[in-house]
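Quick note: the coordinates plus some simple rules give every number you see, no bench work behind them. Given the structure is predicted, the values throughout are model-derived calculations rather than measurements. Counting neighbours? That spans all protein chains shown, and the Cβs are built from the backbone with ideal geometry, glycine included.
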Amino acid sequence: MAFELPDDVLFHDDVHPSKVDMIDLFAGPGGLDVAAKWLGIHSVGIEYDTDACNTRLKAGLGTRQADVRSIGLLDHFPNAKILTGGPPCQTYSVAGSGVGRKALVRVLAFMEKIAAGEDVTAELETLDDERTGLVLEPLRWALAAIQQGRPFETIVLEQVPTVLPVWLATGEVLEDKGYKVRVGIVHTEEFGVPQTRRRAILIACRDRAAHFPEASHRRYNKRISREDGKPEFLPWETMGNALSDRPYAFDVVSNYGTGGNPKLRGRRRSDEPSATVTGKVRRNRIVSDGHDQDRLEPYEAGRLQTFPIDYPWSGLDQYQQVGNAVPPRVGAHILAAAVFGKKPRVEALDEAVSGSWKKAHEYRLHAKLEPLKGGMDIVDLADRSPQFMLDLDAITA
């Protein structure tokens, strides 16, 4: 059963469809598209949620409110060479449970059939949770483009770490189709995001090596000072710096309990990065000098995701939109590595993140890229060592 769209479908062309470089599936309010804008990549986002689309339109981003299973949209953008996507993750976020394990097993079986050229549409409609099958859609788009003789040159997929087995299976299919593929985990604070957030990333390139982004900042460790660590990396970014309109030290007390105990709330200081920003971020308490302060506004939650302070969040449940988004700063690193084989200059990216969204077209990060050195530790699909498989089991447990 397809998602039901409103009668007045929302859309916007930032450029003529023939000039679109990148199709972003499950585009949300625009995390990767913001990064693409900074990098001079013309993108269009495919998104069904009305509120996210309203934010996108306010931001002037190319948008089609549509079900991503409508692969016919591929024909609307004949010169797009980049495919990106971050499918819903709810059924995989519980991969340690029986439900999550079952979802992974089923979707991997579907992937084998798709790779063999079988039509699994009818089978997908039998799933108890239709979101489970949506993780297959980027592969279907990629294979459809190949069949049309216009394969995407670059493919970038991202999701929670529990989706890593799906990306590995996707990568194997793409390698059989002539792509160079790399899969791995990125830690967002290593790219200057004031938030600890892990994402499973797939990068596939058609006619060149697939490069992973290089970290620019230190990984967060609550037992180590941010000033300590390897000198070639910058200190991790803090909530206090991101939320500079709050001129006082504060603690953020999480809505979630630690270790399943609701009485043990996670707590981070303003001189630390935020915990992962989710749609429940509005429930977190802000405490300063023993007193509760105003809770985060949507734009402040957006700052923890590295959206510009004036990004025009619109529609309902703006906190959920923020939590669903890819942090634009790490998105810029990923796209720069995948598309250009380079990395953004830290100073130029700082300017874009701290600057006004209204001036996004002026930052021209693509003209300020630097060569990659060695790249992060990544998972080569040829790696099937016992230790790697053990690590993979730990991720999905």
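I'd like the orientation of helix 98-115 relative to the chain: the angle between its Cα long axis and the longest Cα principal axis, in ° from 0 to 90, rounded to 10. Once rounded, one gets 40 degrees. With R₀ fixed at 25 Å, the C-beta to C-beta distance from Lys19 to Gln148 puts the FRET efficiency at about 0.85. Counting only DSSP H runs of at least 4 residues, each contributing -39500 (n - 2.57), and dividing by the residue count of the chain, the helix-based mean residue ellipticity at 222 nm comes to -8000 deg cm²/dmol. Taking a straight Cα-Cα cut-off under 16 Å and skipping sequence neighbours fewer than 8 places away in the same chain, the aspartates and glutamates within cross-link reach of Lys222 are Glu189, Glu190, Glu237, Asp251, Asp271, Glu272. For a straight C-alpha distance cut-off of 18 angstrom, the aspartates and glutamates reachable from Lys368 (same-chain residues fewer than eight places away being disregarded) are Glu214, Glu347, Asp350, Glu351.
Estimated at 0.36 nm per residue, the fully extended path between Asp207 and Thr50 surpasses their Cα-Cα distance by 52.8 nm. Label reach from Glu172 (point 7 Å along Cα→C-beta): in the range 113-129, amide nitrogens under 13 Å belong to 113-116. A run of the chain free of exposed loop cleavage sites, with chymotrypsin sites (Phe, Trp or Tyr not before Pro) counted only in DSSP states other than H, G, I, E and B and at most 15 other beta carbons within 10 Å, reaches its longest extent at 4-232.
Under the simplified labelling scheme, the Val105-Asp289 pair shows an inter-label distance of 5.8 nm, with each label point 7 Å from Cα along Cα→Cβ.
With a/c under 1.5 counting as rounded, go ahead and sort the range 168-243 into rounded, prolate or oblate using the C-alpha gyration tensor (a ≥ b ≥ c being the square roots of the eigenvalues; past the cut-off, prolate if a/b is larger than b/c, else oblate). Here the range 168-243 falls in the prolate category.
Note down the magnitude of the dipole of the chain about its Cα centre, charges +1 on Lys and Arg C-beta and -1 on Asp and Glu C-beta and zero elsewhere, to the nearest 20 debye.
That gives a dipole near 1000 debye.
Between the entries [x] 54, 22, 19; [y] 36, 22, 19; [z] 31, 24, 23, the label attached to semi-axes √(5λ) of the Cα gyration tensor in Å calculated for this structure is [z]. Once the chain from Phe233 to Leu316 is taken as fully extended at 0.36 nm per residue, the excess over their C-alpha distance is 26.0 nm. Listed from fewest to most Cβ neighbours within 10 Å, the set Arg268, Arg295, Arg226 follows the order Arg295, Arg226, Arg268.
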